[in-house]
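Notes follow once the structure below has been shown.
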Amino acid sequence: MDKTQNNKAWFLVLPVLVIVAFSAVIPLMTVVNYSVNDTFGENEFFWNGLGWFEDMIASDRMHSALGRQVLFSAIILAIEVPLGIFIALHMPKKGFWASFCLVLMALPLLIPFNVVGTIWQIFGRVDIGLLGHGLASLGVDYNYTNDALDAWITIIVMDVWHWTSLVALLCYAGLQSIPQAYYQAARIDQASRWSVFRFIELPKMSGVLLIAVLLRFMDSFMIYTEPFVVTGGGPGNSTTFLSIDLVKMAVGQFDLGPAAAFSIMYFLVILLVSWVFYTVMTTLDNAETK
Amino acid sequence: MAQITLKNLAHSYLPNPQAEADFALKEMDHVWQDGGAYALLGSSGCGKTTLLNIISGIVRPSHGRVLFGARDVTDEETAARNIAQVFQFPVVYDTMTVRENLAFPLRNRGMDAAYIAARVAHIAQMIGMEDRLNRKARGLTADAKQKISLGRGMVREDVNAILFDEPLTVIDPHMKWELRTQLKQLHRQLGHTMIYVTHDQTEALTFADKVVVMYDGRVVQIGTPEELFETPAHTFVGYFIGSPGMNLMEATITGNRAHLNGCEVSLGASYAPVAGRSQIGIRPEYCSLTSGAGLPVTLRRVEDVGRHRIIRADLFGQAFNMIAPEGMAIGADMTRVVFAPDKINVFADDWRVAAQAGGAV
């Protein structure tokens, strides 16, 4: 081989490196800066080392916000993933109604987050909202502004309405890619409907499901706009999720140091969980292949 | 196991077919013997997959009946017909092991565990996969997966027929040959009726006892490979089978003579006056180039394909192929071709005409 060694191709990575630096790394570094310093404004910083981190790890407020956040994501995943699969299985496969369903399903996904929040904020009001007033007329004691359980139910129903379509559409795409021969073979083997789902549809959907679960986990774990608009974190602190608490701390109380330490840990938790999740799923996948 | 009867079978994808052209499958009436190995051969779009799907029950024929033995199965579902099918692309249950895949049809039918274990062991040994029974099916090669699909069909003892829909499409060439041999062997051992759809004449001719040649929605001939070669019932069979296919020439037939472009060719037998468009057909294998008497040909090119040579030539302005043995020298003076008289077939409007009895010269 008379090829000359030339590593100049590495320079082609530079543009990406620059973009990523400006979009993510440099802003993150300012957060890192705040997290290890104390400041009273005027660009004066006092070194605090890992003090804020220690405070935050020990903080009860953090613990309860994290607890609510984990519970919220768990409920969201437990509802949206099975429901999305169920909807995908029952959507028409072709023709006018297939396109109709696709458009209908995609609509909630296209609505801006704060609009979704506003829609539900009004929808749920007892005085003028269709849902709230309707429930009140039926004699149900529903008021999301002063009942914690009602607030939770409202936010969860809203998120299910907003995001189940994403899971359903991804699963639908996965289902559409299964060749007819599989269904014919299953019929010849006299497989039950459950077996067809368990051994043909679910394995073929596993790839898109992995993406759906990851996206829904990350998004629900970072949820901010919708509950902020609907409940503002209340009643009390009952729907104060991590982002809402973070914003309160940073912009409300101007505790920039603790808030910075907090957000770095928040970021690391999401990164860690996503990484563990992805690694576990892909190694399981590979183990099956062996 | 059962003999398959296609009774006045026809199929149209249109709701109200009028003309013959509306039918994807023209009316046919055939009995396929129990335990036979049949190949459905034809070019794309000739209706062979439609016919296979009618037999397997995926498509319900618009006209006529399908009988397995004495039982009319026309209105029965695929599952009720007790057939097995191997598809073009390997269909296996990815998350199951090979063993679970093979056991699946039996388990669904509620057989007892000991019987299932014995059957699976037996079939695994037949398809040569005993050593991989505990592996997941997902990571296997295409040919192994095709073997599993086949095994899932054979594991049921009561299976009426095994259908193959171009099963070797995705298999590597060197594995094709092995799988075909194995299939043939399994057919001998088990005696299932096997129906094999393909557009590859080599696959059809090596696999089947009887080859069913289809053309334009019609079964044009059912015969042994030898019959298809020597006495093609239709000009399509003539040029589709063989490499290169049969030479066909317009000719006028009178008794035991054929006249083409003013030249006379003697036929191996005598024919009644032929109505319609008359042609004679001769296989390239039965033509020989000579410097003596014969029809005048212009040589274009000689292709050496190893065991023999293919001579591409012109005969009265029409492409004409001959096969010359390996060692034969082709001289510049060899501009004539002679046919083996008893190998000449006569066609009227594309269908073969039988010779008159006792008309041999």
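What follows is calculated from the coordinates using simple rules that are stated; it is not laboratory data. Model, not experiment: these values are computed from the prediction. So basically every Cβ, Gly included, is an ideal-geometry build from the backbone, and we count neighbours across all protein chains shown.
Student exercise: in chain B, how many lysine pairs 8 or more apart or on different chains have Cα atoms under 29 Å apart?
Going through chain B pair by pair, I get 25.
With charges only on Cβ, +1 for K and R and -1 for D and E, what is the dipole size of the protein assembly as shown about its Cα centre, in debye, rounded to 20? Walk me through the numbers before you get to the answer.
Working: 50 positive and 60 negative charges, 334 e Å.
Charge dipole, the protein assembly as shown, about its Cα centre: 1600 debye, nearest 20.
If I take the Cα coordinates of the protein assembly as shown and project them onto the principal axes, what are the three extents in Å, biggest first?
In descending order, the Cα extents are 119, 73, 52 Å.
Dividing the Cα radius of gyration by the Kirkwood radius, what Rg/Rh value follows for segment A:61-289? Mind showing how you got there, number by number?
Numbers: Rg = 20.5 Å, Rh = 19.8 Å.
Rounded to two decimals, Rg/Rh equals 1.04.
Scale the Cα Rg of chain B by the rule-of-thumb value 2.2 N^0.38 Å and send over the ratio, two decimals.
1.18
Going by how many other Cβ atoms sit within 10 Å of their own, how do A:K93, B:K145, B:K7 line up, fewest first? It would help to have the intermediate numbers written out before the result.
On the way: A:K93 9, B:K145 22, B:K7 16.
Listed from fewest to most nearby Cβ atoms, that is A:K93, B:K7, B:K145.
Convert each backbone phi in segment B:28-34 into a coupling constant with the Karplus relation 6.51 cos²θ - 1.76 cosθ + 1.60 (shift: θ = phi - 60°), then list the ³J(HN,Hα) values in order as whole Hz, x for Gly and Pro.
Per residue, the Karplus-derived 3J(HN,Hα) values read 9, 9, 9, 10, 9, 5, 4 Hz.
How crowded by other chains is B:84-95, given as the mean number of beta carbons from other chains within 10 Å of each beta carbon? Intermediate values should be presented prior to the final figure.
Numbers: counts 3, 5, 2, 7, 2, 3, 2, 10, 3, 10, 8, 8.
That works out to 5 on average.
Could the peptides A:154-161, A:234-241 be put in order, highest first, of the mean number of other beta-carbon atoms found within 10 Å of their residues? Don't skip to the end; give the middle numbers.
Details: A:154-161: 20.0, A:234-241: 18.2.
Going by the mean number of other Cβ atoms within 10 Å, highest first, we get A:154-161, A:234-241.
Tell me the Kirkwood hydrodynamic radius of segment B:247-353 in angstroms, computed as one over the mean inverse distance between distinct C-alpha pairs.
Working: mean 1/r = 0.0699 Å⁻¹.
After inverting the pairwise mean of 1/r, the radius is 14.3 Å.
Are there DSSP H segments in chain A that both extend 20 Å or more along their axis (alpha-carbon positions) and score a mean Kyte-Doolittle hydropathy of at least 0.5? List them, or say none.
Passing helices, by number: A:60-90, A:96-110, A:148-176, A:202-221, A:256-289.
Using just the helices of chain B, give the 222 nm mean residue ellipticity in deg cm²/dmol: DSSP H runs with n ≥ 4 each add -39,500 (n - 2.57), and the total is spread over all residues, rounded to 500. Present the calculation step by step, with values, prior to reporting the outcome.
Values: 8 runs with 84 residues, N = 361.
It comes out at -7000 deg cm²/dmol, rounded to the nearest 500.
If the reach is capped at under 21 angstrom between alpha carbons, list the lysines near A:K93, excluding any in the same chain fewer than eight residues apart.
Straight-line reach from A:K93, under 21 Å: A:K204.
Cut-off 10 angstrom, C-alpha nodes, Gaussian network model of chain B. Which of B:E76, B:E250, B:E326 fluctuates the most?
B:E326
Helix-only mean residue ellipticity at 222 nm, chain A, DSSP H runs n ≥ 4 weighted -39,500 (n - 2.57), per residue, nearest 500. What is it? Before the final figure, lay out the partial values.
Working: 13 runs with 194 residues, N = 290.
So the helix-based figure for chain A works out to -22000 deg cm²/dmol.
Can you tell me what percent of all Cα-Cα pairs in segment A:37-126 are more than 24 Å apart?
The calculated P(r) of segment A:37-126 puts 58 percent of pairs beyond 24 Å.
Determine the distance separating the Cα centre of segment A:106-169 from the Cα centre of segment B:12-43; give it in Å without decimals.
59 Å
Mind telling me which of B:D22, B:D34, B:D131 comes out most flexible in a GNM of chain B, alpha-carbon contacts under 10 Å?
Comparing B:D22, B:D34, B:D131 in the GNM, the peak value goes to B:D131.
For a quick check, take a GNM of chain B with Cα springs below 10 Å and name the residue from B:N160, B:N134, B:N321 with the largest mean-square fluctuation.
It is B:N134.
Roughly how many whole Å is it from the C-alpha centroid of segment A:54-70 to that of segment B:148-225?
Their Cα centres are 67 Å away from one another.
Can you sort A:W10, A:W163 so the residue with the fewest Cβ neighbours within 10 Å comes first?
On the way: A:W10 9, A:W163 23.
Ordered from fewest to most neighbouring Cβ atoms within 10 Å, A:W10, A:W163 come out as A:W10, A:W163.
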